[in-house]
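Notes to accompany the following structure.
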Amino acid sequence: MIKVYGVIGDTPALNLILNHKSHVGYSCCWYCHIIGTHIGGKRQYYYDENVSLRSAADFEADSRRAESLGKSVNGRHGTSILKKVVDIPLPDSIVADYLHTTLLGHAKAVCVYLYKQYMRPQERIHFNKKIRAQRFPHFFNRKIRTFEEPYLKATEIRNMFLFCILPMIREILHVDLVAHLALFVLGIRKRLHLMELNNKSSCAKLLHGRPEFGNRTADIANKLLTIYYRDHETFYVGLQNFVLHIHSHFADLYKKHGSLCNINTFSQEDLMGVVSKLKHGANHWADQLVFYLNIDFALNNEVNHTEPTVLIRTPKGVFDNTLMPNELCQVVSSFTPENAFSHVYIHI
């Protein structure tokens, strides 16, 4: 029996599949009844500690009422196609995507705002020199780029936001502004994975943030993000948008779903990028994807007699084998690198 846990994605995709109001409209939050305010041509969602949360019963009732009336009710346009698919009732099965919400959403907007609104031209030149001179260990896989360049990648923003932004701007911007940004950076770092080097096996691992404060770690992270959200209007204008508001629900999301909010988001984007390269033209996409993925699977499903090693081969496609360390192969006795993908198949 197949169980469907929930749904995760960026905001436009979630609104579409949930049959919910757009993220620039009133009452657009999936988790609470915040309405929002229209200021300066933008919808702003200011901090409100008394906002009521949506329950599964409220979500279902609003969906049915919107379906019968033919108009929006508390942000709901009608019943979602996921109603009979997910095993956990909505909105508890909705998982906010950290990659789009935090990195490509609010963190990128804040960094660009600081760069353009608070830094003088000479300070920008000095800041750009620091960025170009910054070096990372080899397992970071991507350098950081200046905020003047277009199409910044999520990994570039992650490396800048989590590791570089605070020490680079502390001598440029006012201490109050830097301290306020530190609330956001530290609050996110408490919830997200950190890259560490495992000396025992000499391989890089993605580890979840260590609970330095025990069971109070999640509560402390939530307090940091709450204070940041509450005082956000003091330093920024027009950035109290929906992606900032979603961070006020991160505490509940991580208690319900754990690391699902941030694990696998990057790999899903990589998968979409790989698949998008397999389509050509504007017609018969499904046939093209099946054709090329079957070729990729056939080429990578050959029996590999190479001894297990600690080296991880760089992936080149969807079904590339990964040579696992001996320690990991011993976790499940039936698992070996030779038969890792012997039961994988594509069905569209």
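Residues of region 102-123 that are crowded, with 22+ Cβ neighbours inside 10 Å and in contact with a Phe, Trp or Tyr (Cβ under 6 Å, 6 or more places away or on another chain): Ala107 alone.
Could you check, for region 114-124, whether at least one of its residues is more than 18 Å from the chain's Cα centre (by Cα), of a type outside the set (Phe, Trp, Tyr) and not in a helix (DSSP H, G or I)? Within region 114-124, one or more residues are more than 18 Å from the chain's Cα centre (by Cα), of a type outside the set (Phe, Trp, Tyr) and not in a helix (DSSP H, G or I).
For first residues located in region 66-83 and assigned by TED's automatic domain parsing to the domain that holds Lys21, partners that are surrounded by fewer than 18 Cβ atoms within 10 Å (Cβ to Cβ) and of a type in the set (Phe, Trp, Tyr) and lie 6+ apart or on another chain with Cβ distances below 9 Å form the pairs Ser72/Tyr26; Gly75/Tyr26.
Could you please let me know if Ile188 is modelled with pLDDT of 70 or more, out of contact with any helix residue (DSSP H, G or I) (no Cβ under 8 Å at 6 or more places or on another chain) and of a type outside the set (Lys, Arg)? Answer is no for this residue.
For region 162-192, a residue qualifies if it is surrounded by fewer than 17 Cβ atoms within 10 Å (Cβ to Cβ) and either in contact with a strand residue (DSSP E or B) (Cβ under 6 Å, 6 or more places away or on another chain) or of a type in the set (Phe, Trp, Tyr) (or both), but none of them does. When Pro89 is tested against (1) under 17 Å from the mean Cα position of the chain (by Cα); (2) assigned by TED's automatic domain parsing to the domain that holds Gln44, just one condition goes unmet, and that condition is (1). The single condition from (1) closer than 21 Å to Ile188 by Cβ; (2) among the acidic types (Asp, Glu); (3) in a loop (DSSP other than H, G, I, E, B) that Asp87 fails is (1).
Could you figure out which of (1) buried (at least 19 other Cβ atoms within 10 Å of the Cβ); (2) more than 25 Å from the chain's Cα centre (by Cα) isn't true of Ser80? That leaves (2) as the condition not met. Being closer than 23 Å to Ile188 by Cβ and loosely packed, with under 15 Cβ neighbours inside 10 Å is a description that does not apply to Asp97. Exactly one residue among Glu67, Glu60 is farther than 22 Å from Leu253 by Cα, of a type in the set (Asp, Glu) and more than 21 Å from the chain's Cα centre (by Cα), and that residue is Glu67. Residue-level check: of (1) hydroxyl-bearing (Ser, Thr, Tyr); (2) under 30 Å from Phe266 (Cβ atoms); (3) surrounded by 13 or more Cβ atoms within 10 Å (Cβ to Cβ), Ser63 misses just (2). Just one residue in the set Ile39, Ile34 is of a type in the set (Val, Ile, Thr), in contact (Cβ under 8 Å) with a residue 24 or more places away in the chain and surrounded by fewer than 19 Cβ atoms within 10 Å (Cβ to Cβ); that residue is Ile39.
The values are calculated or read from the model by the stated rules, or taken from the named source; none is laboratory data. Owing to the predicted nature of the structure, the values given are computational and were not obtained by experimental measurement. Backbone-built Cβ (ideal geometry, glycine too); neighbour counts: all protein chains shown.
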